[in-house]
Every structure is written in structure tokens, then in C-alpha cells.
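Participant: Sharing a structure here in C-alpha cells format.
The values are calculated or read from the model by the stated rules, or taken from the named source; none is laboratory data. What you see is a predicted model, and the numbers here were worked out from it, not measured in a lab. In this analysis, Cβ positions are derived from the backbone assuming ideal geometry, glycine residues included, and neighbour counts consider all displayed protein chains. Accessible surface is based on the protein model in full, side chains and every heavy atom, while ligands, DNA and RNA are left aside. Shrake-Rupley method; radii C 1.70, N 1.55, O 1.52, S 1.80 Å.
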Amino acid sequence: LTNIHTSLALLWSLRLMIFLLHREYVNWPQLHKRTIQVNERSRMESKFSVWIICSFFYATMVMPCIYRMQDAIIVADENYASLPWGIVGKIGLILQGTGLLLESVADAQKSSFKSRNRGEKRSK
């Protein structure tokens, strides 16, 4: 189960990276130009606060994965009994997999919709 948990976390990271790069460079190149302009005008303090908040979020998201991998290494090296996953851990894995699937489908639908309706104006 530790390998499944780690794989799902890595797949989520890859999905997010691909989505963001595709959005920035393929679907919305104007955003990339605007981002560069905003980046030049931003103060270092505001950038630093965003970096700290995001790094804290990602650290707390990956920490269970790191603890499970450490437990698996200790179990393999010293023949200790592995920590049980329990029902909460198994439900968490199911939620993680379901969330990854839903986010991937939503990204594909959003990209498809935007590519079909690229030139149309929104009505109010």
C-alpha cells in the first residue's frame, strides 16, 4: 500500500505540472506574458510569502508519503512489523485515487472546452 500511496502522489504531481505547463505555454500564451510583467513589478516580500505558504502546503501533503516510505525501509532492513494502514488509511488511498481521476478528467474537459470555444465571446 505504501507503493500505491507514493505512486498516486507522484502521478498527482506530474498531472499538475503537465496541466500548468500546457495552460501557460499552449492554451494561454497571453498569461505567460502577463505573468512576466507582474513578476517584474512584484516585491520580493510578496513573492517570498507565497513561496513559504506553497512550500508548507506541499510539505504537509507529502509528509505522510515520506513517513510511510521510511517505515517500509525500516521494516525491510530490520524485520520489524509494519505499521498497519487501518481503515482510515485505506479510505484515504481510495479518496486519493478518486481525486486524481476526477482532477484529470476535469482538466481534459476544461482543455477540450477551451480549445473548441477559443474565439467565442462570453454572453452576459
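Participant: What are the DSSP H helices in the chain that stretch 24 Å or more along their long axis, judged by alpha-carbon atoms, and whose average Kyte-Doolittle hydropathy comes to at least 0.0? Before the final figure, lay out each step's value.
Facilitator: Working: long enough: 2-22 (30 Å, 1.13); 44-78 (47 Å, 0.78); 86-116 (45 Å, 0.36).
Within the chain the helices that satisfy the rule are 2-22, 44-78, 86-116.
Participant: Can you give the alpha-carbon Rg of the chain over 2.2 N^0.38 Å, where N counts its residues? All intermediate terms of the calculation are to be shown ahead of the outcome.
Facilitator: Working: Rg = 19.9 Å, N = 124, 2.2 N^0.38 = 13.7 Å.
Against the empirical 2.2 N^0.38 Å value, I get 1.45 for the chain.
Participant: Sticking with this structure for a sec: Which trypsin sites (Lys or Arg not before Pro) from the range 1-69 combine a DSSP loop assignment with at most 12 other Cβ atoms within 10 Å? Don't skip to the end; give the middle numbers.
Facilitator: Details: sites: Arg15, Arg23, Lys33, Arg34, Arg41, Arg43, Lys47, Arg68; in loops: Arg43.
Within the range 1-69, the qualifying trypsin sites (Lys or Arg not before Pro) (loop, at most 12 other Cβ atoms within 10 Å) are Arg43.
Participant: Here is a further query. Just grab the label-to-label distance for Ala59 and Val26, each label 7 Å out from Cα along the Cβ direction, in nm (one decimal).
Facilitator: The answer from the label model is 3.4 nm.
Participant: As a test of the formula, what do you get for the chain when each DSSP H run with n ≥ 4 contributes -39,500 (n - 2.57) and the sum is divided by the residue count, at 222 nm and rounded to the nearest 500 deg cm²/dmol?
Facilitator: On the way: 4 runs with 100 residues, N = 124.
Value at 222 nm, helices only: -28500 deg cm²/dmol.
Participant: Roll a 1.4 angstrom probe over the protein heavy atoms and tell me the percent of accessible area of the range 1-79 that is carbon or sulfur.
Facilitator: Numbers: 4260 of 6250 Å².
In the range 1-79, the share of accessible area belonging to carbon and sulfur is 68 percent.
Participant: Roll a 1.4 Å probe over the protein chains and send me the accessible area per residue for the chain in Å². If you can, show how the numbers build up before the last one.
Facilitator: Numbers: 10190 Å² over 124 residues.
Here the residues of the chain average 82 Å² of exposed surface.
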